[in-house]
Amino acid sequence: MKVCGVELKGNEAIICLVNKSDGMIDLPDCRVAKFDIVEPSKTESIRDFQFKFKKLMQDYQVETVVIKERLMKGKFAGGAVGFKLEAAIQLIEDVEVEVLSAADQKASLKRAPEMIRVKEVGLKGYQQDAYETGYAFLNF
């Protein structure tokens with residue numbers, strides 16, 4: 001099963017492809033590590049983001065997109081742009097989208113702690129949370 005872990009941060013969607021086959025985890029190469037949205041108040045920017053994200057998922061035959069859940073209020077609450085990006089992803093046709101809560105992610109990572117540091121396998125350091133989200137979903 002191939003998933004795309006997503007962490008929404010500010011005006012970015014940071015992604016990491018994670019594949020699980022025969023109990024083994026694989027991190028396929030991907031031409032994109034994150035999507036930035038420049039003008040989030042413009043409808044065309046959101047549509048462009050959605051189109052590019054959908055195209056990437058189709059190109060890499062991703063079965064499920066897993067978004068790391070963000071708080072709606074409080075000190076660590078997600079911003080408005082992040083929620084727009086989340087909605088844009090969730091509304092993509094023909095793409096299964098799940099939102100993984102922090103509690104479910106923590107429980108999954110506790111059960112299956114075979115974690116790697118993404119820098120050790122050639123990914124960017126900022127992709128760690130996106131990787132952990134995808135990995136946790138595959139082992140949930």
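The values are calculated or read from the model by the stated rules, or taken from the named source; none is laboratory data. These figures come from a predicted structure and were not determined experimentally. Virtual Cβ from ideal backbone geometry, glycine too; neighbours counted across all protein chains shown.
Overview of values
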{"quantity": "Selection within the stretch 58-80 - over 15 Å from LYS9 (Cα atoms) and either of a type in the set (S, T, N, Q) or surrounded by 12 or more Cβ atoms within 10 Å (Cβ to Cβ) (or both)", "calculated": "GLN58, TYR60, GLN61, VAL62, GLU63, THR64, VAL65"}
{"quantity": "Subset of the stretch 81-91 (residues that are crowded, with 17+ Cβ neighbours inside 10 Å and either more than 14 Å from the chain's Cα centre (by Cα) or not in a helix (DSSP H, G or I) (or both))", "calculated": "VAL81, LYS84"}
{"quantity": "Count of the stretch 96-140 residues which are surrounded by 15 or more Cβ atoms within 10 Å (Cβ to Cβ), small (Gly, Ala, Ser) and not in a helix (DSSP H, G or I)", "calculated": "0"}
{"quantity": "Index of the failed condition, LYS55 passing every other in (1) part of a helix (DSSP H, G or I); (2) more than 18 Å from ILE15 (Cβ to Cβ); (3) without any contact (Cβ under 8 Å) to a residue 24 or more places away in the chain", "calculated": "(2)"}
{"quantity": "Matching residues, the stretch 11-43, being surrounded by 14 or more Cβ atoms within 10 Å (Cβ to Cβ) and among the small types (Gly, Ala, Ser)", "calculated": "ALA13, ALA33"}
{"quantity": "Qualifying residue in the stretch 35-49 (condition: closer than 23 Å to PHE140 by Cβ, without any contact (Cβ under 8 Å) to a residue 12 or more places away in the chain and in a loop (DSSP other than H, G, I, E, B))", "calculated": "no"}
{"quantity": "Residues that are modelled with pLDDT under 95, touching a strand residue (DSSP E or B) at 6+ places or on another chain (Cβ under 8 Å) and among the charged types (D, E, K, R), drawn from the stretch 75-123", "calculated": "GLU114"}
